[in-house]
Every structure is written in structure tokens, then in C-alpha cells.
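The values are calculated or read from the model by the stated rules, or taken from the named source; none is laboratory data. No experiment lies behind these values; they were computed from the predicted model shown. Virtual Cβ from ideal backbone geometry, glycine too; neighbours counted across all protein chains shown.
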Amino acid sequence: MSPMPLPPLPDIHALAVLALTVLALYVFTRPNIPLESSSLFVLVAVVVGFALFPYTTADGERLRAVDFFSGFGHEALVAVGALMIAGQGLVRTGALEPIGRALARLWRASPRLSLLLTLLVGALLSAFVNNVPVVVLLLPILISVSLRSRTPASGVLMPIGFATLVGGMSTTIGTSTNLLVVSVAADMGLRRFEMFDFFLPVAVSGALAILYLWLVAPRLLPERKAHMTDTSPRVFAAQLGVVEGSFADGKTLAEVLNRCGGGMRVSGLRRQGTMIVPLPDAELRAGDRLLIKDTPEQLKEYETVLGATLYSGDTPVDDEHPLVAENQQLAEIVVVQGSPLEHTTLRRIRFAERYQLITLALHRAGWNVETLRTEVGDVSLVTGDVLLVQGAQDQIAQLKRSGELLVLDATSDLPHSSKAPVALSIMAAIVLVAALGLVPIAVSATCGVLLMVATGCLSWRDATLALSAQVVLIVVASLALGAALVKTGGADYLAQLFVAATFGAPPSLVLAGLMLLMALLTNVVSNNAAAVIGTPIAIGIAAKLGVHPEAFVLAVLFGANMSYATPMAYKTNLLVMNAGGYTFSDFLRVGVPLTFIQWLALSWLLTALFPL
């Protein structure tokens, strides 16, 4: 059989859009370019391009540049945003707390069976709630269990994170990717998928995935310690006593600080039992005591440099009387989407004063740990960053119960409020109304947000924090690029190329190849971008093959959800990466086999369930 000839090149507009698509996929993968910036660049490029070079389609439709802004009002984006806010309501009120407490009790009784149940619960919850709140719920529980049982959390955190990704692909509202694919396909004239239309194939393939994550994945993962475990010692409150004839005796506080390299932080000056404000020009005398907080190594260095005496309370520090930090606790705070810490610095939000916590270290995927000796307060925080902090036990417990920040420590306190049943009822109503087909999910979710705010489950500040500029811009840019591909014929050209490349292969193999391509793409670029660009191409491929397009659309949806092989493929991967101390190779070791399991199972199921 001779190979199928390549299709003729499309017009210049289509070629320009195809070139922009390649460029977009490249800039989306650049870690040094914020996804918000690259998305806005793509959107501006599309709009400016069609403004300067107008285009008329084959059927006489003239494309206006402003038409590509329609993504801001697209039904899919409204639904995604509203569901993100509603999910934040569950987090803020602790509506999932009873599930968390039940799982925590079960883990203490039977860890093996508990892992299976937690995998199932995580997958089931993620079918209806964005998986970020689900991971936020489960992370503290699993960290707490690992601390109490003295077992590494690395054996369970990645499997749990992947289970939420598996469950998220089972319904139309499970992920933003699903909503986008369903909406774009409907815009192109296909029947709109109902909430559970593809639940069956995902349930079957998901069962295989859960078994793999339960029985195999923990054995593939080496024992890892969280990055923060041994990198930063505790901070101790101590006093430096000025000794007669020492360097500090008769010097101003400014001179003493300069002698210590400017790193010493003085919170008070005690003279003959009286507290004095530590002004820079205050002259120190023998017998004065400087109140400071720092690591043991730094405190001893200050003692040596200044010729002072280090005290813990009223007792000089020595081998028999070491430093003590009473009522102090170490904890890790993870920056998650919607957190007050996201896209800001510790100094800007006055973190220490606001939360009464000392920041010891910062870890970010791909970075070395930064300790308090560096200016971590000036680092702009992003989703997935982990802060090692120290503070009073009561303060950390209160912060954890408030639900404002995701705190990982040795306690299992979970946020809870009297509004939790209300928030859970509202979320259930959002899902039920949409599942019954009474109104579209965008409508039910928007009504749910209004109810969340009206009933006090969420403040408007919480609601705005839940919305991610990154998600909004990547969705709008992807929709604009997808529309440009369709209108100019670029999508049809790519579909012809794909058919030519797979000429002679049965439709089932073409479908499997498309799903694998999407799975590869989603692990290096945004899954939403891969889904929106891939959907019109899938419909074009089905048209060229003369088969029904639904199976090919689902191949794109499933493939774009297989974000298992790299930590940057999905934001929950970054959360578990830092919390579990994983490396890039750990994701490859566990994620690649899971991708092939899902790909083979779903390819066979789509062929069996949908006529090709």
C-alpha cells in the first residue's frame, strides 16, 4: 500500500497560527517565564495578528480581533472559576473534616487497608471537587500518620496525589481540562457530554490504576525524607550578657550589630531588670543583656565575637545547661493555590508579625534549601513552595484549625467551623442539579458561589484568592489559539497530517496514537492548553476517517489528564513533591508505568464502547 500523500499547505494565516502554536507550546514549558506571562503573550499575539492582518474564512465570515477575547466570558471558564471558589468554601469551613478524621483513625488501626481506602476516597472526591482541596485535606493526615508511626511519607503521598488525578477524569466537572474539552466540542457542534457519560471507562481503568498505586507504586518509591527534615535547626530565644572589658562594653548597639555582620536581630535590651528600647545609638554597659533569637551556632558565634556571655533565662549556657525552646514547635507550611502567601513575599505581608512565626527555611522544587541566614523574606512565593517555620504550639494549632494556610506538623488538627455542613450541602446541590441536567454546571456553580458568600461560608476575600490568574489566562489564551486554528483551517491541516502519518492503520490505533500524543504533551505543557488545542484536531481526524468523533474527543480528554510523569505537569504534583521529598526521577519511575496502564486500558475501552 502506497503512503497517503501529504496535504497541501494551508494559507498564510493558518501557517502563522500553526507557528504561534509551536511557539506557545515552547514558552509554556519555560520555567523562567511565568505561565501567566506566556499565556498573555499568546493571547496578545493572536489578537494583534488578526487586527493587523484581517482574515475572512472560506464561508465568508470575517474574523474580528476582539472575537478572540470571548474566552473571558466562555461558559467553560465561568464554570472553572465558580467551581474553584466553591472548592475553597469546602477548605475554609473544613467541610471534608469528618472524612479526614475517620481516615486518620483508620490509619492508626490498619495502614495497609487504610492506604487502599484513602486512594479510593481521594479518587471519588476528585470526581466532583477540584483535586487541589482534596490533596490539601489528605496531606496533613498522611504527614501526621508518618510522623507518629516513624515511617517515611514518601511511600504514600505520590500514590494519593495520582489517585486524585485518576478520579478527576471520570466526570465532566472533575477537572478544568474536562470542562474545556466538553465545552469546545459542544461549540463545534458535537453533543454535549453529560456528567457521567464517560464514567464507566474511567471506573474500569481507574480500578487498575488504584491497584497499581496500592500494591506496586509504594515498592517503586525509594525512602525519601522531606527536604526540610534536617536542613534547619530550631531557633532559640537567649540573652547575651555584656562582660566588662569586652568588645561590646561601651559600644553603641549599632557598632555591636556591625561587628556581628548585621545578622543579629535584637528584640530587647535589659538593664538592671528594666527593659529599654534597643535604639541603634544606645550605649551598652557591662551587665546589660541583649534579647535575641537565632540558631545555636549563630548564638555561640555572637558570644565569641563580642566576648559576651550567653544565657538561657538566668543560667549561663554550657554543656550542662543547654539552650531550651519551651512550648516551641516546628511545622511546614505549603503554599497552595488561593493561599494568602501565593505570589507575594513574606516581608510584604508581614508574615512574622501576622502569624507570630519564625521562618527557618524555604524549599522550592529544583532549588537548594534556603535558610534564615539568607533573605527568604524577599523571595516571591509560588504554588508548591514549602516554608519551615517555628512558633508556639498553640499558635501553630490555631493556625491549622483556621484553614487559612496548609500546615504540616505533628498534630492532626483539621480546620472545622459551624458552616461546614452548609458548605457541603451547597457543593452537593451544585453537583446534583448539574448531574440531573436541570441547568448547566456553569449556572449551578455560579449560584453555589453566591450561596457560599451569602451564608458566610466564604468571604469575598477568600473567593478572590481562590481564583487563579494563571488558570484564567491559560484558559483564555488556549481558547483563542484553538479558535484561530479552527477558523483558519490550521486544525484541519494538522488532522490531515496525522491521518497521513497513520495511513493504513485501523481507527483504533489512530485513536490510541492520539491519546498517547496528548499524554506526552500534557506532561511538558499545560494540560488545559493541550486539551483545547487537541480537541478540534481530534474532531478533524475523526471526520477524515469517517468515524464518529466522540471517542476521539474522549481520547484527548483522557490523554490530557495523564499528568503523572513529571512534577510540573500538575500543581498537585508539586505539592506532594515537596511534602514527600521526591525527585524528578521518582515521578518518572512511578508515573510512566501508570501512564501506560491508563493508556492501554482506555484505548481498548474506547474502542469497545464507541463505534469506530
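List every residue pair whose Cβ atoms lie under 8 Å apart, where the two residues are 6 or more positions apart in sequence or sit on different chains, the first residue falls within the range 180-198 and is of a type in the set (D, E, K, R), and the second residue, located anywhere, is crowded, with 20+ Cβ neighbours inside 10 Å.
Final answer for the pair search is 191/550; 192/182; 192/185; 194/172; 197/172.
Quick one: which residue in 126, 144 is of a type in the set (Ser, Thr, Tyr) and modelled with pLDDT under 90? Give the derivation first.
Working: 126 fails: modelled with pLDDT under 90.
Being of a type in the set (Ser, Thr, Tyr) and modelled with pLDDT under 90 holds for just one of 126, 144, which is 144.
Check whether at least one residue in the range 52-59 is closer than 14 Å to residue 475 by Cα and in contact (Cβ under 8 Å) with a residue 60 or more places away in the chain, and report yes or no.
So the first thing to find is which residues in the range 52-59 are closer than 14 Å to residue 475 by Cα, and the list is none.
No, because not a single residue in the range 52-59 is closer than 14 Å to residue 475 by Cα and in contact (Cβ under 8 Å) with a residue 60 or more places away in the chain.
Just checking, how many residues over the range 470-492 are within 17 Å of residue 525 (Cα to Cα) and either surrounded by fewer than 24 Cβ atoms within 10 Å (Cβ to Cβ) or among the basic types (Lys, Arg) (or both)? So that I can check it myself, show each step before the final result.
Keep residues of the range 470-492 that are within 17 Å of residue 525 (Cα to Cα), which gives 470-482.
Checking the rest, the ones that are also either surrounded by fewer than 24 Cβ atoms within 10 Å (Cβ to Cβ) or among the basic types (Lys, Arg) (or both) come to 470-473, 476.
Qualifying residue count, the range 470-492: 5.
Return the residue satisfying two criteria in turn: it lies in the range 62-83 and is of a type in the set (A, V, I, L, M, F, W, C) and touching a Leu at 6+ places or on another chain (Cβ under 6 Å), and of such residues it is nearest to residue 469 (Cα to Cα). Steps first, answer last, please.
Residues of the range 62-83 that are of a type in the set (A, V, I, L, M, F, W, C), as a first pass: 63, 65-66, 68-69, 72, 76-80, 82-83.
From what's left, touching a Leu at 6+ places or on another chain (Cβ under 6 Å): 76, 79-80.
Details: 76: 15, 79: 15, 80: 12 Å.
Checking each candidate, the answer is 80.
So which of 22, 66, 46 is among the aliphatic types (A, V, I, L, M), at pLDDT 80 or above, within 26 Å of residue 537 (Cβ to Cβ) and in contact with a helix residue (DSSP H, G or I) (Cβ under 7 Å, 6 or more places away or on another chain)? Working first, answer last.
Working: 22 fails: in contact with a helix residue (DSSP H, G or I) (Cβ under 7 Å, 6 or more places away or on another chain); 66 fails: in contact with a helix residue (DSSP H, G or I) (Cβ under 7 Å, 6 or more places away or on another chain).
Just one listed residue meets the conditions, 46.
Return the only residue of 112, 192, 108 being in contact with a helix residue (DSSP H, G or I) (Cβ under 6 Å, 6 or more places away or on another chain), more than 21 Å from residue 601 (Cα to Cα) and surrounded by fewer than 21 Cβ atoms within 10 Å (Cβ to Cβ). Let's see the steps before the verdict.
Numbers: 112 fails: in contact with a helix residue (DSSP H, G or I) (Cβ under 6 Å, 6 or more places away or on another chain); 108 fails: in contact with a helix residue (DSSP H, G or I) (Cβ under 6 Å, 6 or more places away or on another chain).
Going through 112, 192, 108 in turn, just one is in contact with a helix residue (DSSP H, G or I) (Cβ under 6 Å, 6 or more places away or on another chain), more than 21 Å from residue 601 (Cα to Cα) and surrounded by fewer than 21 Cβ atoms within 10 Å (Cβ to Cβ): 192.
Scan the range 453-462 for residues that are in contact with a Lys or Arg (Cβ under 9 Å, 6 or more places away or on another chain) and surrounded by 13 or more Cβ atoms within 10 Å (Cβ to Cβ) and jot them down.
Let us first name the residues in the range 453-462 that are in contact with a Lys or Arg (Cβ under 9 Å, 6 or more places away or on another chain), namely 455-459, 462.
455, 456, 457, 458, 462 - these are the residues of the range 453-462 that are in contact with a Lys or Arg (Cβ under 9 Å, 6 or more places away or on another chain) and surrounded by 13 or more Cβ atoms within 10 Å (Cβ to Cβ).
Please go through the range 222-237 and pick out each residue that is at pLDDT 60 or above, aliphatic (A, V, I, L, M) and crowded, with 21+ Cβ neighbours inside 10 Å.
235
Given the conditions (1) surrounded by fewer than 24 Cβ atoms within 10 Å (Cβ to Cβ); (2) under 23 Å from the mean Cα position of the chain (by Cα); (3) over 22 Å from residue 561 (Cα atoms); (4) not basic (Lys, Arg), report the number of the one that residue 140 does not fulfil.
Against the list (1) surrounded by fewer than 24 Cβ atoms within 10 Å (Cβ to Cβ); (2) under 23 Å from the mean Cα position of the chain (by Cα); (3) over 22 Å from residue 561 (Cα atoms); (4) not basic (Lys, Arg), residue 140 comes up short only on (1).
Looking for whichever is at pLDDT 75 or above and within 21 Å of residue 91 (Cα to Cα) here; the options are 174, 155. Which one fits? Lay out the reasoning, then the answer.
Working: 155 fails: within 21 Å of residue 91 (Cα to Cα).
Unique residue meeting the criteria: 174.
Of the residues 202, 243, only one is modelled with pLDDT of 85 or more, surrounded by 15 or more Cβ atoms within 10 Å (Cβ to Cβ) and in contact with a strand residue (DSSP E or B) (Cβ under 9 Å, 6 or more places away or on another chain); which?
Numbers: 202 fails: in contact with a strand residue (DSSP E or B) (Cβ under 9 Å, 6 or more places away or on another chain).
Just a single option satisfies the conditions, and that option is 243.
Looking only at the range 499-518, count how many residues are under 33 Å from the mean Cα position of the chain (by Cα) and under 19 Å from residue 22 (Cβ atoms).
3
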